[in-house]
1. Mind listing just one residue for me: the one in segment 86-107 that is assigned to a strand (DSSP E or B) and without any contact (Cβ under 8 Å) to a residue 40 or more places away in the chain and, of those, surrounded by the most Cβ atoms within 10 Å (Cβ to Cβ)?
2. For the subset of segment 317-334 comprising residues that are under 20 Å from the mean Cα position of the chain (by Cα) and either at pLDDT below 95 or in a loop (DSSP other than H, G, I, E, B) (or both), which member is surrounded by the fewest Cβ atoms within 10 Å (Cβ to Cβ)?
3. Quick one: in segment 201-255, of everything that is β-branched (Val, Ile, Thr) and outside any loop (DSSP other than H, G, I, E, B), which residue is surrounded by the most Cβ atoms within 10 Å (Cβ to Cβ)?
4. Restricting attention to segment 33-57, report how many residues are crowded, with 22+ Cβ neighbours inside 10 Å and touching a helix residue (DSSP H, G or I) at 6+ places or on another chain (Cβ under 9 Å).
5. Considering only strands (runs of 3 or more DSSP E) fully contained in segment 344-446, which possess at least 2 residues that are modelled with pLDDT of 55 or more, under 19 Å from Tyr293 (Cβ atoms) and touching a strand residue (DSSP E or B) at 6+ places or on another chain (Cβ under 6 Å)?
6. Restricting attention to segment 40-71, and to residues there that are hydroxyl-bearing (Ser, Thr, Tyr) and in a loop (DSSP other than H, G, I, E, B), which single residue is modelled with the lowest pLDDT?
7. Does Glu72 qualify as being among the acidic types (Asp, Glu) and surrounded by fewer than 19 Cβ atoms within 10 Å (Cβ to Cβ)?
8. Which of the residues belonging to segment 84-111 are more than 15 Å from Gly195 (Cα to Cα) and among the aliphatic types (A, V, I, L, M)?
Amino acid sequence: MSESSASGYVLIAPQDSTYTYLVDPDTGGVVHTWKSDYTAGLTAVLTDDGHLLRAGKVGSDYMLHGMGGVIEEYDWDGKLVWQYFDSSDHEFQHHDFTVLPNGNILYIAAEVIPAEEAIALGRDPSQLRDGVLVADKMVEVMPVGATGGVVVWEWRAIDHIIQDNAPTKANYGDVAAHPERIDVNYQGRCLYPDGWTHINGVDYDAATDTILVSSRNYNELWVIDHGTTTAGAAGPAGDLLWRYGNPRAYRAGTAADQVLFGQHNAKWIDDGLPGAGDILVFDNGVDRPQGTYSRVLEINVPDAAAASPGLGDKAASIVWSYVAARPTDMYSSKMSGAQRLPDGTTLVTVGDAGNLLTVSPAGATLWSYDTNLLTLEGSAARQDGSVFYVTWYAADSPALAAKNLEAENPALGALARQAATSLADSLHMAQRTGSPFTLLATVGCT
């Protein structure tokens, strides 16, 4: 990348586009394109053989923003080689997925729990939307054939709840005494009420066989055990191993202790990269009492805290972060993400705006790109390049081996780079370490 030693390419799936693009950051040019029948729903990644795995949006966002419904696999030449639907009136895939080492797909899904069942589980009836509870779960599917798959593992959030609203229910108890359980009646956000936990990100660590998820409505990160059987995942063995970001969610803190505000795209930093083992997350900042601005956080979790849900908020620490010099200059109310690159720089997706930035460890903006220009090819009805998050691939990645990576549209790339110049000039990123950066102004929820 410009002023960076990390040579690679960026995969971009604009939210309202049926196209997915591979972009050369050095020139801004599109070097490869895939076409689907569906707009993004929302994640897209490359496999080691150069195939594109991409979620597509089948239905509407009525029940939950970020709804997908289908995961598709295309070869390098754009041929559809696998398609898997999870979309019905009672369940649907949404937001994020990750590819496991065994080739299976681990994705986020939502199940619609009828009012009678939700109330029987201790949910406050006044907190049901349209008479249902939209509850998240994690699903692992093994691809089979060209159009199918076998579900080999599931984890349901509804199996790991506690509540102090209905004393006659089996899951009644002291919320503060059970940080390994999810308070089914916690109301974490005054805006964006769709869904219950609203999980919007998933990552997998093979060394520990654990799963990291991001719950937007609880303003928390959770780690769960993938090593349990499907049956075990419904019992104590499937309870939260670790949680971080908002101790109020389990009655262990006050508003002053909350760190995360509607965050997205929490991922462990891969082995071999600077900060390996830490968590990178885009903290969107919705309802932040100190002001409406976004930031990227790198969070270190000591081994002891990683295996104890009650220690997460006390022991984990922010070891690197960045915001704009004028914090409100970088803000995205939803979507967005961050990825650590081999040279120590960080690729940031400002999702709502469709802006991409690479920043140095010291906070200097090294590269910027405007994804809104990509839709000028007519792939979407609206000229909107907003994107869930993008992913960088090294030039020597197996996914790109022996591939033709000549720019398909150099002129478009130049426009995108030019459009981003003013953004880079205005976003003078500054490194912040230690305690989270704060503003004096107070706004947000009552």
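The values are calculated or read from the model by the stated rules, or taken from the named source; none is laboratory data. Note that the coordinates shown come from a computational prediction; the quantities given were computed from them, not determined experimentally. Glycine also receives a Cβ, built like all others from the backbone with ideal geometry; neighbour counts cover every protein chain displayed.
1. The extreme case among them is Phe92.
2. The selected residue is Ser333.
3. Checked segment 201-255; the qualifying residue surrounded by the most Cβ atoms within 10 Å (Cβ to Cβ) is Val223.
4. Looking only at that region, the number is 1.
5. 346-350, 355-359, 365-370
6. Tyr62
7. In short, no.
8. The answer is Val99, Leu100, Ile105, Leu106.
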